[in-house]
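Chemist: One structure, as structure tokens, below. Some questions next.
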Amino acid sequence: MRWIVWLAVMVIFGFLSVQLVRTYMNNLSLADILENAKNELGALRTENQQLKDDLEYYSVPENLEKELKSKFDYKRPGETLIKIQ
């Protein structure tokens, strides 16, 4: 009878040990996922701030016209475009 109790205790101990290792491995995996998510969040916040800055910059008509002229050879009616290469 004693060896049955001892066997039962060992089986329960083994089961709990396996569950502990699985939980630990799962925790490591989740920690990696969390770290990646934090890094991605930081990058997205930086991108979001850059987009807000761009929106503010391009909301000023003079800045928009300046960018149009430099990138797309935009000219107002009556202006002459001179390209220097």
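Laboratory data are not the source of any read-out in this text; all were calculated from the coordinates shown. Fair warning: this is a prediction, and the values are worked out from it, not measured in the lab. Cβ: placed from backbone, ideal geometry, glycine included. Neighbour counts: every protein chain shown.
Chemist: Residue farthest toward the positive end of the dipole of the chain, with Cβ of Lys/Arg at +1 and Asp/Glu at -1: which of Ala43, Met1, Phe13?
Modeler: It is Met1, whose Cα lies furthest towards the positive end.
Chemist: Same structure again: Rounding to the nearest 20 debye, state how big the charge dipole of region 20-85 is about its Cα centre with +1 on each Lys and Arg Cβ and -1 on each Asp and Glu Cβ.
Modeler: Details: 10 positive and 12 negative charges, 27 e Å.
Approximately 120 debye in magnitude.
Chemist: At 222 nm, what value in deg cm²/dmol follows for the chain if DSSP H runs of at least 4 each add -39500 (n - 2.57) and the sum is divided by all its residues, to the nearest 500?
Modeler: Using -39500 (n - 2.57) per qualifying helix, the result is -29500 deg cm²/dmol.
Chemist: What is the local net charge at Thr46, summed over the other residues whose Cβ is closer than 14 Å to its Cβ (Lys, Arg +1; Asp, Glu -1)?
Modeler: With Lys, Arg at +1 and Asp, Glu at -1, the neighbours total -1.
Chemist: Also, quick follow-up: Just subtract the alpha-carbon distance of Val21 and Glu79 from 0.36 nm times their residue separation and send over the number in nm, one decimal.
Modeler: 13.4 nm
Chemist: So, one more: So for region 1-71, Kirkwood radius off the Cα pairs, Stokes-Einstein at 37 °C and 0.692 mPa s: how many µm² s⁻¹?
Modeler: On the way: Rh = 17.6 Å.
D = 187 µm²/s.
Chemist: Restricting to lysine pairs 8 or more places apart or on different chains, what number in the chain have Cα atoms under 29 Å apart?
Modeler: 10
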